[in-house]
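Here the structure comes first, spelled out in structure tokens, and everything after it is commentary.
Values in this text are rule-based calculations from the coordinates and carry no lab data. On a predicted model such as this, the values are computed, not experimentally measured, just so you know. Note that each Cβ is placed from the backbone with ideal geometry, even for glycine, and that neighbours are counted across all protein chains shown.
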Amino acid sequence: KSRLAELDKPRLKPSEIYRLLGDYTPATIIAGFVTASDTARRHAERYLTDYRHVRSALNGKDLLALGIKPGPDIKKTLDRLRDARLDAKATDRRSEIALVKRWLRR
């Protein structure tokens, strides 16, 4: 499926919207408004105004200190933390640390 078709789904989590649009420039997203459905346009607008700047409060050094191994797991964990922020499963540094510790126990 195309990313635009995926954006037509009315009930997407913020993290899903981020993953669909995160690789595009704002100009490309805005250009896509021309052919987008109302639902896709609403999701794109939310991405541009609310989601695209969301980042984890933790960084790679923090993750290393918590026990994440160097390498691709750092990026994967930062992406998961960003998704947790977007979906309101983590709201601050403390809750992100708790999530990482929970993930490490698994």
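Kirkwood Rh, Cα Rg: Rg to Rh for the chain? Could you put the intermediate results ahead of the total?
Numbers: Rg = 15.6 Å, Rh = 14.8 Å.
Checking Rg against Rh, the ratio lands at 1.05.
Dipole of the chain (Lys/Arg Cβ +1, Asp/Glu Cβ -1, origin at the Cα centre): which of SER37, PRO72, ALA27 lies farthest to the positive side?
Of the listed residues, the answer is PRO72.
Give me the one-decimal nm value for the distance between modelled label points at ASP79 and THR49, 7 Å along each residue's Cα-to-Cβ direction.
Each label point is offset 7 Å from its Cα along the Cβ direction, giving 2.8 nm.
Could you run the Debye sum over the Cα atoms of segment 60-105, one equal point scatterer each and no solvent, and tell me log10 of I(q)/I(0) at q = 0.16, 0.18, 0.26, 0.34 Å⁻¹, two decimals?
-0.36, -0.46, -0.96, -1.37
Would you order SER37, SER56, SER2 from fewest to most other beta-carbon atoms within 10 Å of each residue's own beta-carbon? Let's see the in-between values first.
Working: SER37 13, SER56 22, SER2 8.
In order of increasing Cβ crowding within 10 Å: SER2, SER37, SER56.
Among ILE30, ILE68, what is the fewest-to-most ranking by other Cβ atoms within 10 Å?
Working: ILE30 14, ILE68 19.
Starting with the residue having the fewest Cβ neighbours, the order is ILE30, ILE68.
Using the Karplus curve 6.51 cos²θ - 1.76 cosθ + 1.60 with θ = phi - 60°, what ³J(HN,Hα) values do you get for each residue of segment 24-32, in whole Hz, with x for Gly and Pro?
Here the 3J(HN,Hα) series is 9, 6, x, 4, 5, 5, 4, 4, x Hz.
As an exercise, use a Förster radius of 41 Å and the Cβ-Cβ distance of LEU64 and PHE33 to find the FRET efficiency, rounded to the nearest 0.05. The partial results should precede the final answer.
Details: r = 41 Å, r/R0 = 1.00.
That gives a FRET efficiency of 0.50.
If you place +1 on the Cβ of every Lys and Arg and -1 on the Cβ of every Asp and Glu, how big does the dipole about the Cα centre of the chain come out, in debye to the nearest 20? Don't jump to the answer; show the numbers that get you there.
On the way: 25 positive and 14 negative charges, 109 e Å.
In debye, rounded to 20, the chain gives about 520.
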